[in-house]
Amino acid sequence: MLQANKDKPKKLSKNLFPVVGVGASAGGLEAFKQLLKAIPENSGIAYILVQHLDPFHESVLADILQRVTRIPVYEITNNITVAPDHIYIIPANKILIATDGVLKLDVRPPKPGRYMPIDIFFKSLAEVHQDHAIGVVLSGTGSDGTLGLKAIKDHGGITFAQHLDSAIYDGMPLNAIQSDIVDFILTPEEIPGKLLALGRTLTISLNPADAAHQEKENIFKQILALVRIQRSVDFTYYKQSTIRQRIMRRMVINKIENLDEYLILLEGKKAEQDILYEDLLIPVTSFFRDKQIFDDLFLTVFPDLVKNKSLKEPVRIWIAGCSSGEEAYSLAICLSEFLGDNLKNIKIQLFATDISEKAIKKARSGTYLKDELENVSENRLHEFFDKKNDHFRVKKPIKDICVFALHNFLKDPPFARMDLISCRNVLSNMEPYLQQKALATFHYALNDHGLLLLGKSETAGKPSELFTTKIRHDKLYNRKPASQRFIPVTTESIEKPLKQAENQTGKSAIKEYDFQKIADDILLSGYTPAGVVVNEFFDIVQFRGSTGSFLEQPPG
């Protein structure tokens, strides 16, 4: 039952208040008490406490903690709705999962197997509450909570760990801190005050009814223009609600309450530009994510990919938006298992690309922590990874299959003659215009019988002129034949920051524009060859000059 719940897509919560997940193990009771004593009665925040408990003894944790706070403390029952200014406690022998603002209980998995209730809950909290999710790891041994904090941070939330000097057992907070995923390191008494300050910053800055809302919008645009100029990536057509939340998150971490102050910080500090850029990319990946997809690739896709290949003809695969390499290596492992001894007879070219230099660097290293390999079976771990200290490194035969490169598939020339393209959970962060542009690029890059794999929440269009569905539940698509192959052409533009452009006088700008327009009109009317103007979908919108010798519009 637990696996089914983990794999089932979770509904996003409509709640607009922060939901704080707090995890602890050994020494957690004292940390919980210190935290709860410092929470004000009307904070507008919900707290959900998850602790490693003895599965054979009924928990009295709720009764103990109610004595130190006037805020209602409840032991969770199944399908309880989360409300602000309430504290919720996980019962013994249960796994806790969040979905659509509701808390659901599941049976604790039997031994053997690592019991990681904090990670399980934090991951579901991140998926459901997105940028309203906050994770806190307190005293405890081991590493439970680290992967959960990573999921929260990847979805735009904020992460805390207990200051090591104040923790009775510092194993859990230390592991999270060393993984470089913790935004704030504080004592339990200091955390509620910081949460209130964060809430004020986010609420004030994102309030659309604010009289200065338009001014804030202009500053947001200036920030995106700065990123575009520095990193040559335009986030204008990405989901703006997510982009703005990521910017707000960086403001909170830098203890800045005004957007204009954050813009000044960005302009003068390249390190902050780099951090913001990486935050805007929203990396969400793991090994063998959505196991059913890899099972279906093994059974139905790989046989078709190799059956018509000659010894000289390679199988070509492109992972677009590969992040830190987990999916590329998962696919390479799965393909290696399928081919078995035939692997040495068939050439595999697996290209994995991303626009994050940091992610590509990690992918090329092929080195991961044990916690990052939770979906890798023990057999695969032994066969395809070498253990070195507390890390695991992908073995050379699998690394040799994968080629990692920095590449922006919306702008850079694409690969060609691909048999399979996987681009999962990248398009969902884009507006429809960019999605269509990406799909046109992938259509061009695939061979005539190529396949496109998208994320669970993504689609190739309905109806699509470019793709037809092959396996609906996997979001796997066949490339449709086209009368001609095409590719969007992009050109680099020389841009100025918006603030600099706004300083130009309107009169001089108009004169320059009119002068250029007159010259362009003369040249276009008398000295340029015939041509056509097309839109982003490659529909002809205008014929320029006499095109009859080369191209003629059909009747009808």
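The values are calculated or read from the model by the stated rules, or taken from the named source; none is laboratory data. What you are looking at is a predicted structure, and each value in this text was computed from that prediction instead of being measured. Don't worry about glycine lacking a Cβ; one is built from the backbone with ideal geometry, like all the others, and counts go over all protein chains shown. Accessible surface areas use protein heavy atoms only, side chains included; no ligands, DNA or RNA. Shrake-Rupley method; radii C 1.70, N 1.55, O 1.52, S 1.80 Å.
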Item to check | strands (runs of 3 or more DSSP E) completely within region 1-114 that count 2 or more residues being more than 22 Å from L149 (Cα to Cα), modelled with pLDDT of 80 or more and open to solvent by 10 Å² or more (accessible area, probe 1.4 Å) | outcome: 73-75
Checklist entry - Within region 346-384, can you find the residues that are within 21 Å of M418 (Cβ to Cβ) and surrounded by fewer than 16 Cβ atoms within 10 Å (Cβ to Cβ)? => result K347
Checklist entry - In region 223-254, how many are over 25 Å from S428 (Cα atoms) and touching a Ser or Thr at 6+ places or on another chain (Cβ under 9 Å)? => result 1
Checklist outcome for this item: A careful count of residues in region 385-428 that are among the hydroxyl-bearing types (S, T, Y) and either without any contact (Cβ under 8 Å) to a residue 60 or more places away in the chain or open to solvent by 30 Å² or more (accessible area, probe 1.4 Å) (or both) gives 1
Checklist entry - Out of region 451-470, which residues are over 16 Å from I293 (Cβ atoms), surrounded by 20 or more Cβ atoms within 10 Å (Cβ to Cβ) and modelled with pLDDT under 75? => result none
Checklist entry - From the list A445, A482, which one is surrounded by fewer than 15 Cβ atoms within 10 Å (Cβ to Cβ) and either modelled with pLDDT of 90 or more or farther than 16 Å from E327 by Cβ (or both)? => result A482
Next on the checklist: Take E257 and tell me if it is acidic (D, E), more than 28 Å from F409 (Cα to Cα) and open to solvent by 50 Å² or more (accessible area, probe 1.4 Å).
Outcome noted: yes
Item to check | Candidate set from region 134-176 (those that are aliphatic (A, V, I, L, M) and part of a helix (DSSP H, G or I)); member that is surrounded by the most Cβ atoms within 10 Å (Cβ to Cβ) | outcome: L149
Checklist entry - Would you say F404 is in a strand (DSSP E or B), out of contact with any Gly (no Cβ under 8 Å at 6 or more places or on another chain), modelled with pLDDT of 90 or more and of a type in the set (F, W, Y)? => result no
